[in-house]
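Working notes, structure below.
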Amino acid sequence: METVLQLENISLNFGSQKILNGITLTVTAGQVVALLGPNGAGKTSTIESIVGLHKLSGGNIQVLNCDPIKDRKQLNVQVGFQLQHGLINSRLKCIEALTLFEKIHPQSFGIDRLIELLNLKEFLNKYFGNLSGGQQQRLMLALAFIKKPRFVILDEPTSDSDPQSKHLIWDFLKHYSEQGGTLLFCTHNMEEALTLANSVAIIDQGKILVQATPQALIDTYASPHMLEAKLTSQADEISFDGIRSYKTHFIENKISYKLLKVFFSDEQATNAVLDRLRQHQYKDSPVCRATTLEDVYLLLTGKHYI
C-alpha cells in the first residue's frame with residue numbers, strides 16, 4: 001500500500017515552548033484518518049506543519065514522497081487543504097474565488113458539481129467576509145477539492161456548521177473516500193470521527209498516543225461493557241467499595257465530579273456488580289451500556305478525570 005503521508009518523530013518549538021514532541025504518524029492510500037485530541041494538544045500545529053507552514057525543530061515529513069516546504073509548488077497540485085482560518089480575501093466573492101482556483105488548477109473537479117454537492121448556490125455572489133462561519137467552511141472545502149487532489153487535509157471541517165451543513169459535508173467527504181480518496185482531518189466530534197474515519201489517531205501534549213481503527217481502540221484500551229453511575233453521598237461511595245474486588249473484570253475505575261465509570265470484560269461481571277448495588281440499596285439507577293470511542297478517548301487523555 002502506497003504511503004501518502006509519513007511523519008517521523010517530528011517536533012516543533014515556538015521559542016521555549018514545545019508544541020509538538022516527537023509525533024510519528026502514517027497515512028496510506030485510501031485511508032481516512034481522524035486526528036483527535038483536546039484543545040492545545042497539537043492538532044492544528046501538526047496540520048499546519050504538514051502543509052509547510054512551519055519549519056520543524058526536528059524530525060521529518062514526507063507528503064507523497066515530497067518535502068512540504070521545499071516541494072510546495074509540486075504538492076499544491078496534488079494536495080488539497082482547508083485550514084481553520086480561510087486564506088481568502090474578504091472582498092472576494094465566492095464565485096470569483098471558485099473561478100480563480102479553477103483557472104489555477106487545470107485538472108478541475110468542476111465548479112458546477114461542487115456548487116451542487118456543497119449547496120453553494122445561495123451565497124455565490126456574497127463576499128467571503130460577509131459569510132457565516134459554516135458558509136466559509138463549505139467554500140474553503142470546495143476550494144480544497146477543486147484541483148481533484150490525491151490527498152486532502154482538513155482542520156475541523158465542520159466546526160462552525162449547523163446540523164444540516166454538517167451532514168452535507170459528511171456526505172461529500174464520504175463520497176470522496178468511497179471513490180478511493182485519502183483524507184486526514186482533525187476534529188473534536190466523536191460522531192464525525194466514527195462516521196468518516198477508518199483509522200483514529202489520538203494526540204495529547206504534542207504526542208500521538210495511539211493509532212488504530214475505532215473498534216480496535218475499544219478492544220485494546222477499554223472493554224465492551226461499561227457501568228456508569230452518579231455518586232450523591234458518602235453512603236453511595238461506600239456502596240461502591242466492593243466493586244474493587246472485581247479487579248479482573250474492569251480496566252479503569254475513576255471517580256470524577258461524583259461520576260463513576262467501570263469497564264467490564266463481560267456482561268456477567270456487570271450484572272454481578274448491579275446485584276451488589278441492589279443489596280446496598282443504592283438509590284440511583286446505574287447505566288449499563290456499550291463502551292464508545294469517546295470513553296476510550298477520555299481514558300487515554302485523562303481530561304475527564306481528576
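The values are calculated or read from the model by the stated rules, or taken from the named source; none is laboratory data. This one's a predicted model, so the numbers in the text were calculated from it and none came from an experiment. Every residue, glycine as well, gets a Cβ built from its backbone with ideal geometry; the counts of neighbours run over all protein chains shown.
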Residues (among the small types (Gly, Ala, Ser) and over 14 Å from the mean Cα position of the chain (by Cα)) located in the stretch 15-44: Gly15, Ser16, Gly22, Ala29, Gly30
In the stretch 20-37, is there at least one residue being surrounded by 22 or more Cβ atoms within 10 Å (Cβ to Cβ), more than 21 Å from Leu217 (Cα to Cα) and either in contact with a strand residue (DSSP E or B) (Cβ under 9 Å, 6 or more places away or on another chain) or not assigned by TED's automatic domain parsing to the domain that holds Val200 (or both)? yes
Exactly one of Ala222, Ala212, Ala197 is more than 16 Å from the chain's Cα centre (by Cα) and aliphatic (A, V, I, L, M), and that residue is Ala222
For the stretch 51-106, the count of residues that are surrounded by 17 or more Cβ atoms within 10 Å (Cβ to Cβ), small (Gly, Ala, Ser) and either part of a strand (DSSP E or B) or not assigned by TED's automatic domain parsing to the domain that holds Asn21 (or both) equals 1
For Lys55, state whether it is in contact with a helix residue (DSSP H, G or I) (Cβ under 9 Å, 6 or more places away or on another chain), among the charged types (D, E, K, R) and closer than 26 Å to Thr158 by Cβ. no
Exactly one of Arg113, Arg72 is among the basic types (Lys, Arg) and farther than 25 Å from Thr195 by Cβ, and that one is Arg72
Under the condition of being under 25 Å from the mean Cα position of the chain (by Cα) and modelled with pLDDT under 90, which residue from the stretch 109-134 is farthest from Tyr176 (Cα to Cα)? Ser132
